[in-house]
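Sharing a structure here in structure tokens format.
The values are calculated or read from the model by the stated rules, or taken from the named source; none is laboratory data. Keep in mind the model is a prediction, meaning the values are calculated, not measured. Every residue, glycine as well, gets a Cβ built from its backbone with ideal geometry; the counts of neighbours run over all protein chains shown.
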Amino acid sequence: MSDASHAFSDEAAAAMLGGGLEPLEAGDEKPGSQLGPYRLVEKLGEGGFGIVWRAEQSQPVKREVALKLLKRGMDSRQVLARFEQERRMLAAMEHPCITTILDAGMSPDGRPFFVMELLRGRPITAFCEEHHLPLKERIRLFREVCSGVQHAHQKGVIHRDLKPSNILVLEVDGRPVPKIIDFGIAKVLASGDVQGMTFATQANFILGTPQYMSPEQIEDVGSVDTRSDIYALGTVLYEMLAGHPPFAEVTQQGQTRQEFWRLVRDKNPPRPSTSFTTRILPAPEPGAERRMDVSQLPADLDWIALRALEKEPQRRYQSAAEFAADLQCFLEGAPVSAHPPSRRYIASRWIRRHRVAFAAACVSVLALVTGAGVAIWQAKLAREAQGRAESEALRSRESATFLTDLLKEVAEEVRNGRNPEALRLALITSQQRIEDMRQDPDLQIELMNQVARLFDLMSDRKLSLVALRRTAELSAARLGPENPAAREAAFQHIIMAVDHGSRIEAVDLLKALRSHIEQHEGRGSAVWFRAQGMLVRAWIKLRRGQDAAQASAEAVAVARQKALSGTELHKILMSHAEALEAAREYDAAEKQIQECIALATRRGDLPDHQWEFDTRMVELMIHRGNLARAAELQGKRVQGLKKTEPDSADLPHQMVWLAEIENRAGRHREAIAQAEEALTLIQARTAAISQEDARADTLREHLQAAFEIQSAAYRSLKQFDAALAAAREGLRVAQQGGTETLMTRALAALAGAEEAAGHLEESWQLHHQIYENHAEHNASYKNRLDDLREMTRIRLKQKRFQEALAHARDAWRQTLAEPSSRLEPDYLEYMAEFALKTWKTVKAADPTAVAPEEVGAWAKAMKGAQG
């Protein structure tokens, strides 16, 4: 590279020196002058209080350097302090993306100077354009800049003048390396590693470059913190993407400086993808990539750039590391935190990251449809040979061809990362087509079942539940209810209903299924025990412990009557222990566990079930309220695993569970430490496997849970900033996973941290987001009602009483609108009590408030339940 392109051109050097002061006469230095071992060769530039020279060092090594010398007459206390501060800051920082200070000294007339590496490079935006850098290469280059800024911030230094001319890019071994220069107007934080000096900023004296300054830096230079540098980084990224700074267009319209500053404070910049200005650039080399089409920028980059440019510092990225992490998520196709984490968005990113699994699901449908088409075609030939009419087969083949073409198109869209809702909409459409395939019921059943599986894969449990119910109905009609395949379809529908639908309806379905089984196979068959076990599970999830215990006791009695033994009896007895625990019959539950342990010991398979016994005993201690004993038992389990099976896949889960128990026991610091240990282990294991590995999702769940526990523990310790940080990390992990359950937990944890920190509106917004997700994708109405109760509670804390009352009334209306709610009088009472308490709180705050028309119904529901 020629000297003409080195870093310290007149423009770059002037930028490095900082400005704002009237230039004074320089000293008598000229090319050839000697300052210690340095011979001045060429003046590269000068600013308000210093001059930058290219110099040659003669000893102890020979090399070219950049030497910054204070101007003569600039020896006021303030300027000397600033000059010395810059030297100290550069000396304290050691990062490959920050210019390196090599030496310092004094001129013969007593003016200080310091020596830096001589950089031969170009401003980052010019480098990107001149080298026609592809989009992802620009992002990788910018991430390195973020790492340098993060290092400076960790050293307690705020740059305050980040802009393209202060971020130079040079080529080292064929790869671009950015270097941050000019810390002349940087600010030292009190908590930093650099020993800074404090000096006042002159009135009306603006430090920085207006195009790249944050609103708070324009308003009050003394109030800036590291987030002002985040804003400046955002303007640089914006320019790297769009070809100009965020407000370049308005500055070209002749606005005054005051008008420009008002725009920066009040106006939001357009998205980079809609703000491209054509620039005349040298033609690229033959075959080289021309400037990217900015109008095709991914939406994620718009979100990332605009988040960094938020007017309010608290809404920006809170660190350069967080900024860089979001960019890395973009590069990896993972969700970015800058984007509102809607379910559709998360689903699209999950699909991109799990193309193999998702493609397999799509392929299974395509193969099924295609294979069915071939089979139908072959059947058609056979029927023709037998003289049958071909019209029905032709219709089936046409239906299969339609679905094949539809799903092929969708699979192509998904594979290319476009239209993430394409599959969902196509599946909804295809369901009606499948309903019309009555001439081929076997194909109809298979396709409906595959559609249900794909909806479940997308975490759309509402639609999956509908498809599973229809699969069960079609199977029963085609094969007969007692057919094993039809029974399995019925079980799959009920399992989904117990986990994500109306559990009380699931209980009715199970009772009907059990009755049918008793009529055909009799009590005590394998399928009867399966139905009875699911009924116990449904009652437990409904928190109807006595009903669960009664159902499980019935299963035990039948098992003993049938003289079952071995694994079959073990499962039934352990289910009974869990049901007794749910019924709060703790002594009976422990006795049942001990019986199972004795049976396993006699059979000789105790080691095979030890983990289950340990888990059951820990949970029993938790339910008894003996959390200290639970923590002790769980601690022994973890230590045992570490000693005997350090590579066990179960170890991360057990460590996270121990942290949760310790936190619930009030041992918050121990919980934080245990969660941190679990995080270290999980992150190490995650780094060792591919993101496509099935284990990655499980590890991600453990990772999110560990952050959630840390956040809760920090809240209990009233360390709210730490609680928020942990919750945000948990949300970032959940966004990468893309499952509704993980997202809901992470959002709820962050909502709790925001509430604890006094950020009630932020907490309400998060609960509202959870509510919307549940309303769209979750089949259980109780989840939505839980969300509304949380939103009500927060509005009451905010003293926004009418809004709180509106939430409570909405919850009651939704309760009544759900048919299964009337089958649960205790739940009706629960919701009525909640609504009535809300109204009483509102009435106490505002005696003139008009009573809602539902008050009478609330009181009646409570009396009816009590009666």
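Residues checked against (1) surrounded by fewer than 21 Cβ atoms within 10 Å (Cβ to Cβ); (2) farther than 28 Å from residue 776 by Cβ:
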| residue | (1), (2) |
| --- | --- |
| 428 | yes, no |
| 442 | yes, yes |
| 482 | yes, yes |
| 502 | no, no |
| 539 | no, yes |
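Now for a separate question. Test residue 600 against the criterion of being modelled with pLDDT under 95, in a helix (DSSP H, G or I) and not basic (Lys, Arg), and give yes or no. Can you show your working first?
Working: modelled with pLDDT under 95: yes; in a helix (DSSP H, G or I): yes; not basic (Lys, Arg): yes.
The answer is yes for residue 600.
Restricting attention to the stretch 592-600, does a residue exist that is under 25 Å from residue 712 (Cα atoms), surrounded by 18 or more Cβ atoms within 10 Å (Cβ to Cβ) and not small (Gly, Ala, Ser)? Can you show your working first?
Step one: of the stretch 592-600, the residues under 25 Å from residue 712 (Cα atoms) are none.
Within the stretch 592-600 (the criterion being under 25 Å from residue 712 (Cα atoms), surrounded by 18 or more Cβ atoms within 10 Å (Cβ to Cβ) and not small (Gly, Ala, Ser)), the answer is no, since none of the residues qualifies.
Still on this structure, I have one more. Would you check if residue 464 is among the polar types (S, T, N, Q), modelled with pLDDT under 90, in contact with a helix residue (DSSP H, G or I) (Cβ under 6 Å, 6 or more places away or on another chain) and buried (at least 21 other Cβ atoms within 10 Å of the Cβ)?
Working: among the polar types (S, T, N, Q): yes; modelled with pLDDT under 90: yes; in contact with a helix residue (DSSP H, G or I) (Cβ under 6 Å, 6 or more places away or on another chain): yes; buried (at least 21 other Cβ atoms within 10 Å of the Cβ): yes.
Yes, satisfied.
Exactly one condition in (1) modelled with pLDDT of 90 or more; (2) crowded, with 17+ Cβ neighbours inside 10 Å is false for residue 784; which is it?
(1)
Looking only at helices (runs of 4 or more DSSP H) that lie completely in the stretch 625-708, which have at least 1 residues being touching a residue at least 40 places away in the same chain (Cβ under 8 Å)? Break it down stepwise before answering.
Values: elements: 627-644, 651-664, 668-687.
By residue number, 651-664, 668-687.
Counting just the residues of the stretch 811-854 that are more than 38 Å from the chain's Cα centre (by Cα) and crowded, with 16+ Cβ neighbours inside 10 Å, which one comes out farthest from residue 781 (Cα to Cα)?
Among those residues, the one meeting the criterion is 843.
Okay, next question. When only residues in the stretch 114-131 that are touching a residue at least 60 places away in the same chain (Cβ under 8 Å) and assigned to a loop (DSSP other than H, G, I, E, B) count, which is surrounded by the fewest Cβ atoms within 10 Å (Cβ to Cβ)?
Step by step, filter the stretch 114-131, then rank; the result is 120.
Now for a separate question. Could you give every pair whose Cβ atoms fall below 6 Å, whose first residue belongs to the stretch 803-821 and is in the same structural domain as residue 791 (by TED's automatic domain parsing), and whose second residue is of a type in the set (D, E, K, R) and in a helix (DSSP H, G or I), counting only separations of at least 6 or pairs across chains?
Between residues of the stretch 803-821 that are in the same structural domain as residue 791 (by TED's automatic domain parsing) and residues that are of a type in the set (D, E, K, R) and in a helix (DSSP H, G or I), the close pairs are 803/795; 804/795; 820/505.
Just to be sure before I move on: is residue 304 of a type in the set (A, V, I, L, M, F, W, C), at pLDDT 85 or above, assigned to a helix (DSSP H, G or I) and under 16 Å from the mean Cα position of the chain (by Cα) in the structure I sent? Full working, then the answer.
Values: of a type in the set (A, V, I, L, M, F, W, C): yes; at pLDDT 85 or above: yes; assigned to a helix (DSSP H, G or I): yes; under 16 Å from the mean Cα position of the chain (by Cα): yes.
Yes, satisfied.
Additional query: How many of the residues in the stretch 309-325 are part of a helix (DSSP H, G or I) and surrounded by fewer than 24 Cβ atoms within 10 Å (Cβ to Cβ)? Steps first, please.
So in the stretch 309-325, the residues part of a helix (DSSP H, G or I) come out as 313-315, 320-325.
Still in the running and surrounded by fewer than 24 Cβ atoms within 10 Å (Cβ to Cβ): 313-315, 321-322, 324-325.
Final tally of qualifying residues: 7.
Moving on. Output the residues belonging to the stretch 649-658 that are surrounded by 14 or more Cβ atoms within 10 Å (Cβ to Cβ) and within 15 Å of residue 686 (Cα to Cα). Please lay out each step first, then the result.
First, pick out the residues of the stretch 649-658 that are surrounded by 14 or more Cβ atoms within 10 Å (Cβ to Cβ): 651-658.
The answer is 651, 652, 653.
Out of the stretch 143-155, which residues are assigned to a helix (DSSP H, G or I) and either basic (Lys, Arg) or within 22 Å of the chain's Cα centre (by Cα) (or both)? Show your work before the answer.
Initial filter on the stretch 143-155 (assigned to a helix (DSSP H, G or I)): 143-154.
Of everything in the stretch 143-155, those that are assigned to a helix (DSSP H, G or I) and either basic (Lys, Arg) or within 22 Å of the chain's Cα centre (by Cα) (or both) turn out to be 143, 146, 147, 150.
Just checking, how many residues over the stretch 543-554 are surrounded by fewer than 24 Cβ atoms within 10 Å (Cβ to Cβ) and either among the hydrophobic types (A, V, I, L, M, F, W, C) or within 43 Å of the chain's Cα centre (by Cα) (or both)? Steps first, answer last, please.
Initial filter on the stretch 543-554 (surrounded by fewer than 24 Cβ atoms within 10 Å (Cβ to Cβ)): 543-547, 550, 553-554.
With the extra rule that they be either among the hydrophobic types (A, V, I, L, M, F, W, C) or within 43 Å of the chain's Cα centre (by Cα) (or both), the set shrinks to 543-547, 550, 553.
Residues meeting the conditions: 7.
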